[in-house]
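One structure below.
Throughout, read-outs are computed from the coordinates displayed, never taken from laboratory work. All values derive from a computational prediction rather than experimental measurement. All Cβ positions, glycine included, derive from the backbone under ideal geometry; neighbour counts span all protein chains shown.
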Amino acid sequence: MGFFKKIAEALKRTREAISRKFDLILSGGELNEDFFEELEDVLISCDIGAKASIEIVEELRIYARKNKIRNANDVKQALKEILKKSFDEIQPSKFNNCLFKTPAIISVIGVNGVGKTTSLGKLAYNLKKQKLDVCLVAADTFRAAAAEQLSLWANRANVRIIKHAEGADAGAVVYDGIASAKAKKTDALLIDTAGRLHTKENLMKELGKIDKIINKEYPEANRYNLIVIDATTGQNAISQIEHFNEFMKLDGIILTKLDGTAKGGVVVSIVKTLKIPVFYVGVGESLEDIEEFDSNEFIDNLF
């Protein structure tokens, strides 16, 4: 199944939630202030968020005046164009058809239970298919059996893994991972960090420690910090991203569990409000079920 079909299926519940409300206000036919106010309410109710919804509707007002849109039926296409422009402005650049410039150190962070380790294993496999030499670093030394779980993914993806005993210092594992990557000229070093509540400051500070080790030991590497977000959390994802971004500057998002929610509109909120791009989206349970995010297909399938 190609990305288009996968994303269409994953967004089915979100699309149905939006379409029912959208079609209801479109049935009025007339493009007036009541329509714009109702549209704002629809967008907010679909987890696009108040701030982003207000901005989008204001842009739509301007677009409608500029392009002389008079009929509400023409609004859907105009809305798509406005959203695509917002996504295009922050989409990550590619290097030799890859989202990462090598040598790359990719730190993957997030709260507990979002599918972080699973996403890392899938990402390792995805990059291996692009002919990159990949190594995983099991820096989640806090959760029981976390290293063993990551080892299973390393075996499935057929990539190397650096790990220490449970309870070891996470910084020491990262240090060894960097030493191995430099010695073996590894293209992509993927670091699994302990899942943590973004409100626990002591755990968040550990991320800062890992960040300093990477900067000191491998300053010439290309750094990428990706946060894994569970789409079912809706607007709570915004606060997660904001808190993590305070301790480790985020470059992008891996979105999981999109197929299990009607809250897929939160992606629009993230892009409009935080200006952080989505790098990948999980679209299933198998090793191959992670895809580079395509904003055009996402928006086309959202409406």
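Points to keep in mind about this one:
- Nitroxide proxy distance, nm - points 7 Å out along Cα→Cβ at SER239 and ALA179: 4.2
- The largest-to-smallest principal axis extents of the Cα set in the stretch 104-250 are 40, 30, 28 Å.
- With a threshold of 30 Å on the Cα-Cα distance, the over-threshold entries among LYS85/LYS185; LYS85/LYS263; LYS21/LYS122; LYS212/LYS275; LYS216/LYS257 are LYS85/LYS185; LYS21/LYS122; LYS216/LYS257.
- Positive minus negative residues near ARG160 (Lys, Arg vs Asp, Glu; Cβ under 11 Å): +2
- Distance in nm between pseudo-label sites at LYS131 and LYS12 (7 Å out along the Cβ direction from Cα): 3.8
- With both residues required to sit in the chain, DSSP beta bridges show an antiparallel share near 15%.
- A crude spin-label estimate for the pair GLU30 and PHE95, with each label 7 Å from Cα along the Cβ direction, gives 5.7 nm.
- The listed peptides 205-218, 9-22, 226-239, ordered by packing as a protection proxy, come out as 226-239, 9-22, 205-218 (highest mean of other Cβ atoms within 10 Å first).
- Using only Cα coordinates, the Kirkwood hydrodynamic radius of the stretch 73-154 works out to 15.6 Å.
- Against the empirical curve 2.2 N^0.38 Å, the C-alpha radius of gyration of the chain lands at a ratio of 1.07.
- Put the Cα centre of the stretch 58-137 next to the Cα centre of the stretch 163-197 and the gap is 26 Å.
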